[in-house]
Every structure is written in structure tokens, then in C-alpha cells.
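This report refers to the structure that appears directly beneath it.
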Amino acid sequence: MRNVRCHDCGKRYNFDKDDFCPRCGAFTPPAKQWDVDAKGNVTAVAGGTATITATAMDGSNVSGSCKVTVEQRPEEITFSREEYAVSPGGSVKLSATVLPENAKNKKVSWEITEVNVPEGVSLSDYQKSILVTVNSSGTVKALSMAPEGMTVKVRCTSKAFGKKETPVSKEVTVQVKKTKITSLKMKKSSLEL
């Protein structure tokens, strides 16, 4: 499966299924997956599998083949929402997707990169670091004393599987908001004393 990102509208789609972008109709050919120089050195450019064949130039037609598989590295991280909310004393699970779909290593790490508190609220760096936290599975927890309006930026970063690979990351904002009560149910409709 060869996934491409449309040069015109940015939509990611399966090139093997649709030659043209299903959103805007533009043609975006898939990236070349490898380069082979005159000496037979193969350089990986993108993920995929190919058979490289070398043929003798002396007229003997002797040839040899080698199957080459290049693991697809992560290119992008997306979130299911633009912004998340967590109530004081609550938690929220962040949902991130590593693209393209055929990326070999989809493991990610999570960290809080920025903490902002509402105007008029004074907190030490230590207090800021414990009031809202994120764990290794992407769950953000806010202590009950976290002030409403506090925001944190959470960075999701792909795990690199090669020494020269640059990890991909993206940040999302999580805001501390009190949960609004939308309905209330009483156990009894009347009481006699």
C-alpha cells in the first residue's frame, strides 16, 4: 500500500486504490522509495519493498537479484481533537495517530512542555509540575486543586528506530475546566419531616 499526501489539499490517501486525490482530484505520484547508483549502492528514501537486479554488461546476461525492504518511518502525528479539557480531580486520555498507516514503529512518548496559569493565580514551578501530569499512555490527570483555566501543552513524539532518524512530534493543548452540570436527579421527589 502506497500512501501519499496530496500536494494541493493535503489529504492523505492510498495511491494504489486512487490514482487521483479523492478530495480535490489532483495527481500526486508516490515518492521514490530507493536510489541505486552505478556501483550498486542502494540508498533508502521511503518505506516499501523492491527487487534490485544487477546484470553483467559483458554479454553473458548473468544477473543476480536481491529483495530490499525499507521500513516506513513515521512522518506525522495527528490528534482526534484540536484541544482537550480535563476537570479538576479528573483525567482525559489523549488520542494520537502516527502516520502513514504503514509506519513500522508507532510507539510514542508524552511530555508536558508548557504550563500556563490564569491571571491572578500564583503557583511555584513545583506546584505547576504536579497539578497536571501526563503518563506514558497519554492520559492527562489534574489534581482537584488545579485551578480552572490552567492550560498545559502536551507533546507526543514518535520513537526513532534509527540513529539518524529525526523523531516526529506534535503538541496539543489541554485546559482545566470545571464540569458543567447538565441534569440533576433527586432520589425522592418529596420529604416529610
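The values are calculated or read from the model by the stated rules, or taken from the named source; none is laboratory data. All figures in this text were calculated on a predicted structure; none of them were measured in a lab. A quick note on method: Cβ atoms are made from the backbone with ideal geometry, for glycine too, and the neighbour counts reach across all protein chains shown. Keep in mind that these areas ignore ligands, DNA and RNA; they rest on the heavy atoms of the full protein, side chains included. Shrake-Rupley method; radii C 1.70, N 1.55, O 1.52, S 1.80 Å.
Structure values in brief
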item: P22 being part of a loop (DSSP other than H, G, I, E, B), touching an Asp or Glu at 6+ places or on another chain (Cβ under 8 Å) and not small (G, A, S); result: no
item: Residue within region 97-119 that is over 28 Å from the mean Cα position of the chain (by Cα) and either closer than 30 Å to T173 by Cα or at pLDDT 85 or above (or both) present; result: yes
item: Count - residues of region 5-23 that are open to solvent by 50 Å² or more (accessible area, probe 1.4 Å) and aromatic (F, W, Y); result: 1
item: Any hit, region 177-184, residues being open to solvent by less than 100 Å² (accessible area, probe 1.4 Å) and in contact (Cβ under 8 Å) with a residue 60 or more places away in the chain; result: yes
item: Given (1) more than 21 Å from the chain's Cα centre (by Cα); (2) under 30 Å from T166 (Cα atoms); (3) without any contact (Cβ under 8 Å) to a residue 40 or more places away in the chain, number of the condition N135 does not satisfy; result: (1)
item: Number of the exception - E82 against (1) in contact with a Leu (Cβ under 8 Å, 6 or more places away or on another chain); (2) in contact (Cβ under 8 Å) with a residue 60 or more places away in the chain; result: (1)
item: Residue match in region 107-116 (condition: aromatic (F, W, Y), in contact with a Leu (Cβ under 9 Å, 6 or more places away or on another chain) and touching a residue at least 60 places away in the same chain (Cβ under 8 Å)); result: no
item: Residue list for region 104-146, filter: part of a loop (DSSP other than H, G, I, E, B), in contact with a strand residue (DSSP E or B) (Cβ under 8 Å, 6 or more places away or on another chain) and open to solvent by less than 40 Å² (accessible area, probe 1.4 Å); result: N105, G138, A146
item: Count - residues of region 61-96 that are in a loop (DSSP other than H, G, I, E, B) and either in contact with a helix residue (DSSP H, G or I) (Cβ under 7 Å, 6 or more places away or on another chain) or open to solvent by 50 Å² or more (accessible area, probe 1.4 Å) (or both); result: 10
item: Any hit, region 36-54, residues being aliphatic (A, V, I, L, M), at pLDDT below 75, open to solvent by less than 80 Å² (accessible area, probe 1.4 Å) and part of a loop (DSSP other than H, G, I, E, B); result: yes
item: Any hit, region 158-168, residues being among the aliphatic types (A, V, I, L, M), open to solvent by less than 100 Å² (accessible area, probe 1.4 Å) and modelled with pLDDT of 80 or more; result: yes
